[in-house]
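Notes for the one structure printed next.
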Amino acid sequence: MIAGSGGAVEDSPIEKSLALTRLYEPIVEEMNALREYLHDEFASSEPFVNELLEHLAKFRGKQIRPACVFLAGKCFGETHSDHIRCAAVVELIHTATLVHDDLLDQADIRRRVDTVHSRYGDRAAILLGDIIYARGFVISTEVEGAARQLAECTREICIGEMLQVGSAGDLNLSEEQYFQIIHRKTAILYGLSCRLGATLAGASDKQADALERFGILLGTAFQIADDALDLVGDQEKVGKSLGTDLVNGKMTLPLILLRDRLDEKRRESLMQVLEAAAAGQSDNAAHAKLLKWFEQEGILERVQQRASDSIDEALDALRDASGPGPARERLEELARFVVRREL
C-alpha cells in the first residue's frame, strides 16, 4: 500500500480477489490514482524510515474505506482530486491504527508478514504510526472542511481504543459497552469515509447523513465479523494473528452472548477459561471447550445474524440516500461482502 523511495508499488489485493475486482470496477482509475498518490507521498530520504515504510507496504489490505470514499462520491456525481486526498488520509489513519493496534495486542502477524513492532521493536512502531498520522493530517488541510472532521474522527478512534484497553479483563462488559467501543474504534471511520465521498460530490446534508449512517452500520458489521474470526477463524486463511482478544481479556460479542446464555454453573466455568486465557494459561482443551459451547448455544449463528441485521439497516439508509446506479450497486455488494467472511 505504501512504498518508500524507489520501491515498487505492491500488487494490490484488489488484483488478487475476484470479488473485490468486481466491486471496485467503477473506481479502478481512482484506486490506481490512490496507490500512486500514497507511493509518492511516502518516499523518504531517511534509510531506516524508508525500510519501515517498505515493510509496511506489505500490509496489503482490501482498502475498503477509501473505496467507500470513491463509491459514495460516484453515487452523486464525479470524483476529483479532493476525493483522492481524503481517501489517502482515511487509509493512512487506518494504517496507523493497525501499527499501534498490533503493538497493543502483541500480535505477531498482519496480512501474512511480521508486524512492525515484532520486526523492529515497540518504539519504532509507535513512532512510525505517529509519522503516518502526521502526514495524513497535513494532507487533510488541503481539502476545505475535511481536516477538522478527520482529526475529530481520529480522536474518537483513539478514545475507542482506550475504552477497550480500560475494559480489558472486565468479564461483565455489557453489549451496550461493547457496541460503544466498536462504534468509536471502527465504525466511525467507515461513516466518515462515506460522508466525505458524498459531500465532495455535491450530496445534500440529508444525503450525506444517510451515507454516513450506511458507513457506520457497515463498519459495525465488519467489526462484529472480525471479532468472531479472532475466536474461531483459521489464521492461515485470515492472514493475521488470531486469539489476541482472549489473551488480552477482551469481551467481544460472541463471548458476551455466550456468557449471557449459559446457566450459572457453566457461566462460572466460562469465566475460569477466560481468566486463564488472560493470564496466559489457556490450552487447546480450553479452546475446544469454548468452541463446543459456541456450537451448543448457536452463538456463531446469532453473531452472524447481528452482523446481517446491521447490513440490512445499512442498505435501507443507502437506498434512502441514492437512486439506483453502478456505484450504489457496488456499495450494496460491498456491504454483503463484509458479512460473507467465514466464521
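The values are calculated or read from the model by the stated rules, or taken from the named source; none is laboratory data. Just so we're clear, the structure is a prediction, and the values are computed from it rather than from any experiment. Here the Cβ positions follow ideal geometry from the backbone for every residue, glycine too, while neighbour counts run over all protein chains shown.
Report, by residue number, each residue of segment 12-29 that is modelled with pLDDT under 85 and in a loop (DSSP other than H, G, I, E, B).
Scanning segment 12-29 gives S12, S17.
So which helices (runs of 4 or more DSSP H) are wholly in segment 30-125 and hold at least 3 residues that are within 18 Å of S140 (Cα to Cα) and touching a residue at least 40 places away in the same chain (Cβ under 8 Å)?
Working: elements: 47-56, 64-74, 81-105, 116-120.
Passing ranges, in order: 64-74, 81-105.
Would you confirm whether any residue within segment 212-225 is among the charged types (D, E, K, R) and modelled with pLDDT of 95 or more?
The answer is yes, given that some residue of segment 212-225 is among the charged types (D, E, K, R) and modelled with pLDDT of 95 or more.
Kindly indicate whether E212 is among the acidic types (D, E), over 12 Å from the mean Cα position of the chain (by Cα), under 22 Å from E301 (Cα atoms) and in a helix (DSSP H, G or I).
No.
Can you name the number of the only condition in (1) modelled with pLDDT under 95; (2) in a helix (DSSP H, G or I); (3) of a type in the set (D, E, K, R) that D170 fails?
The one condition D170 does not meet is (2).
Would it be correct to say that L291 is more than 22 Å from E161 (Cα to Cα), modelled with pLDDT of 85 or more and surrounded by fewer than 16 Cβ atoms within 10 Å (Cβ to Cβ)?
yes
Looking only at segment 30-51, filter to residues that are of a type in the set (S, T, N, Q) and either surrounded by 12 or more Cβ atoms within 10 Å (Cβ to Cβ) or more than 18 Å from I132 (Cβ to Cβ) (or both); which one of those is modelled with the highest pLDDT?
Per the stated criteria, the residue is N32.
Scanning for something over 25 Å from E329 (Cβ atoms), of a type outside the set (K, R) and modelled with pLDDT under 90, does segment 58-73 turn up at least one residue?
Yes, the conditions are met somewhere in segment 58-73.
Can you find a residue in segment 87-104 that is in contact with a helix residue (DSSP H, G or I) (Cβ under 6 Å, 6 or more places away or on another chain) and surrounded by fewer than 16 Cβ atoms within 10 Å (Cβ to Cβ)?
Within segment 87-104, not a single residue is in contact with a helix residue (DSSP H, G or I) (Cβ under 6 Å, 6 or more places away or on another chain) and surrounded by fewer than 16 Cβ atoms within 10 Å (Cβ to Cβ).
Out of E332, E295, report the one residue that is free of Cβ contacts under 8 Å to residues at least 24 places away in the same chain and over 28 Å from R267 (Cα atoms).
The match here is E332.
Which one of these does S241 not meet: (1) under 25 Å from the mean Cα position of the chain (by Cα); (2) at pLDDT 85 or above?
Result: S241 passes all but (2).
Output the number of residues of segment 270-299 satisfying the condition of being assigned to a helix (DSSP H, G or I) and closer than 19 Å to V247 by Cβ. Explain how you work it out, then say what you get.
Let us first name the residues in segment 270-299 that are assigned to a helix (DSSP H, G or I), namely 270-278, 284-297, 299.
With the extra rule that they be closer than 19 Å to V247 by Cβ, the set shrinks to 270-278, 284-291, 293-294.
Of the residues in that region, 19 qualify.
Looking only at segment 18-29, how many residues end up being basic (K, R) and crowded, with 19+ Cβ neighbours inside 10 Å?
Residues flagged as basic (K, R) and crowded, with 19+ Cβ neighbours inside 10 Å within segment 18-29 amount to 0.
Which is farther than 13 Å from I224 by Cβ, touching a residue at least 24 places away in the same chain (Cβ under 8 Å) and of a type in the set (K, R), of R306, R266?
After applying the criteria, what remains is R266.
When only residues in segment 145-157 that are exposed (fewer than 15 other Cβ atoms within 10 Å of the Cβ) and more than 16 Å from V69 (Cα to Cα) count, which is farthest from the chain's Cα centre (by Cα)?
Here the answer is R148.
Being among the aliphatic types (A, V, I, L, M) and not in a helix (DSSP H, G or I) is the filter here, so list the residues in segment 246-264 that pass it.
First pass over segment 246-264, keeping only residues among the aliphatic types (A, V, I, L, M): 246-247, 251, 253, 255-258, 262.
Of everything in segment 246-264, those that are among the aliphatic types (A, V, I, L, M) and not in a helix (DSSP H, G or I) turn out to be M251, L262.
Somewhere in segment 185-201, is a residue among the charged types (D, E, K, R), assigned to a helix (DSSP H, G or I) and over 19 Å from the mean Cα position of the chain (by Cα)?
No, because not a single residue in segment 185-201 is among the charged types (D, E, K, R), assigned to a helix (DSSP H, G or I) and over 19 Å from the mean Cα position of the chain (by Cα).
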